[in-house]
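In what follows, a single structure is set out as structure tokens and then discussed.
The values are calculated or read from the model by the stated rules, or taken from the named source; none is laboratory data. Since this is a predicted model, take the numbers as computed values, not measurements. Neighbour counts run over all protein chains shown; Cβ positions are idealised from the backbone, glycine included.
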Amino acid sequence: MGFDPRRWRPAPGSRPVTANLDGLLAENAALQQEVRQLRQQLAQLRQPRPQDGGSRVSNGAAPTITPQLVERWGQAMARHSGWSGLRIGPPGGLRGLVEELRAQAWNPALSLEEELNRQQAGLGTELVAALRGPHSRCRWAVRAAFALYGPRASEWLSDEPWRVVAELRRRLDRQEQRRGTRTANHSSTGGPTNGPTNGPSNGPSREPTPKRPPPPPDPRCEALRLLGLEAGASRDMIKRTYRRLAKNHHPDLGGDAEAFLRLDRAYRLLMAG
């Protein structure tokens, strides 16, 4: 049998242990109730919560990427000076860039939406629903951002939309340069000719002047372009950008190992200077 202190009586002539035992027991019960409430509050705080700006994609209960959010992203990107230079295409343009990124950095057998769903459940489906409507520069820029950054595109579009525009503009410029080079090569090799001339020439033949080789690219400039930064970027900005891109390209998170190595070499080069 257990000992019940409420039934205990002191020996005649001895001093009582306490004069308010019932009050102590009631206080102990109240403390236990308060501890249970605190544990419930702690369990609620430990549950994951969505971040502001739509940077976390939901599990399907409520869409995170909405048409309203896409419109806000478009308004933020439109403030960049290079926004008007983003062409939709085709040929080339944002539509060509999406296909180029999908073929190079993603599984070419899957569509962009299928690949996004593979990396994060429901992300591609939400993106399709949010971009439904007529073609516009805003919708294609958002789609190209997800082709470029994957599941972290929401964070980039919400936190640094001007960097997204700068990177898309840089890649479109490179795309135009490649298309121009291919057109020039085709014209020089496959264009129509006037046929051989049998008559005498109008003057002495001249040897073509050899072209000077272009100067080697500056490694630091190339590293900055790889990180999507401009000249004069601070060390803190380089660190923040590298950490963000490293999470996107890390092989353990589904990224490309070669792209991650290029990113790491560029970061080490910039931080060593």
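Determine whether region 214-236 contains at least one residue that is at pLDDT 70 or above, surrounded by 12 or more Cβ atoms within 10 Å (Cβ to Cβ) and in contact with a Pro (Cβ under 8 Å, 6 or more places away or on another chain).
no
So, in region 59-92, how many residues would count as being more than 17 Å from GLY150 (Cβ to Cβ), modelled with pLDDT under 85 and buried (at least 16 other Cβ atoms within 10 Å of the Cβ)?
Within region 59-92, residues that are more than 17 Å from GLY150 (Cβ to Cβ), modelled with pLDDT under 85 and buried (at least 16 other Cβ atoms within 10 Å of the Cβ) number 3.
Quick test for you: out of ARG102, ARG132, ARG179, pick the one residue that is farther than 19 Å from PRO91 by Cα and of a type in the set (Lys, Arg). Spell out how you get there, then give the answer.
Numbers: ARG102 fails: farther than 19 Å from PRO91 by Cα; ARG179 fails: farther than 19 Å from PRO91 by Cα.
One residue alone meets the criteria, ARG132.
Here are the criteria: (1) in a helix (DSSP H, G or I); (2) under 28 Å from GLU176 (Cβ atoms). Tell me which single one PRO91 does not satisfy.
For PRO91, the exception is condition (1).
Which numbered condition in (1) assigned to a loop (DSSP other than H, G, I, E, B); (2) in contact (Cβ under 8 Å) with a residue 12 or more places away in the chain is the only one that ALA129 fails?
Among (1) assigned to a loop (DSSP other than H, G, I, E, B); (2) in contact (Cβ under 8 Å) with a residue 12 or more places away in the chain, the lone unmet condition for ALA129 is (1).
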